[in-house]
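Okay, so here's the structure we're looking at.
Every number here is computed from the coordinates shown, using simple stated rules; none is lab data. The structure presented is a predicted model; accordingly, all values stated were derived computationally and were not measured. Neighbour counts run over all protein chains shown; Cβ positions are idealised from the backbone, glycine included.
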Amino acid sequence: ITDVRSIDNVYLDIYKVHKDINGIVIDIKSFKEKDSYITQILYLKDKQLQKAFDDNLDKFKKPYYIQVEDINGDGIVEIPAVNNSAKGYRTKTSANISWYDWNGSPDTFRNLTFINQIYYNYKNNFKLLIPSELANKISIEEEYRGNIVSFNFYYYDNLRPQDEFQKIFTITKSTKNKIDESGKGGSTNTNAFILFENDTDIFTLNIASQQ
């Protein structure tokens, strides 16, 4: 593997990467791509070390290190790919991440299986599983009003670029001393309901589209 800044910019560990294959998962910080990490899997085949992916594969380039994880609990790690549809994806405040299984094939264009897509908001400590039919069709915008922050989820379709973005729902986080007695942050939307609350904050959902 070439194009590595230094050993300090390398993360590696051994995982089960396919049903009958253990491999070395490496995340390296590219010398050419500033502030970009690239994921690669090394595995043994015919007593030789092989790469799972072409070095020019852009799918697993990301602005910071994200550890592989067994998302679906099958004992095999999934590989994260960051979608740039979340405003804070470069600053690690939030990210919309697709998780993939490697299927053991050396064919770069056919060796990945999509598992799921999850929106992570690290700054506000919550995550949301994106329905499969909306994967790669969601854009998230954040809106701040004092101590209230709204996360607006929009639908878009790359196959229909002429269509406008359509807001489908909003998740709002409010501090409890800033919301009214109804517990809905002052919202008059009858579609709003509480998702979660703790001692200091409350999260509500407002549905903008029933489609």
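Collect residues whose amide H, placed 1.01 Å from N in the peptide plane, falls under 5 Å from the amide H of I138; neighbours closer than 5 in sequence don't count.
Y156
N136 to Q50: extension gain in nm, 0.36 nm per residue of separation minus the Cα-Cα distance?
The N136-Q50 span can extend by a further 28.0 nm.
Mind checking the full-extension length gain between D107 and K59? Use 0.36 nm per residue of separation minus the Cα-Cα distance, one decimal, nm.
Working: separation 48, 0.36 × 48 = 17.28 nm, distance 1.45 nm.
Using 0.36 nm per residue and subtracting the Cα-Cα distance, I get 15.8 nm.
Students often get this wrong: which residues of region 131-159 have the backbone nitrogen under 13 Å from the point 7 angstrom along Cα-to-C-beta of L195?
Flagged as within label range: 131, 140-143, 149-154.
Calculate one ³J(HN,Hα) per residue across region 112-128 by plugging θ = phi - 60° into the Karplus curve 6.51 cos²θ - 1.76 cosθ + 1.60, and present them in order as whole Hz with x for glycine and proline.
Calculated HN-Hα couplings, in order: 10, 10, 5, 9, 6, 10, 10, 8, 10, 10, 5, 5, 10, 6, 8, 9, 9 Hz.
For Q166 and K123, compute 0.36 nm times the residue count separating them, minus their Cα-Cα distance, and round to one decimal in nm.
On the way: separation 43, 0.36 × 43 = 15.48 nm, distance 2.51 nm.
So the chain would gain 13.0 nm between Q166 and K123.
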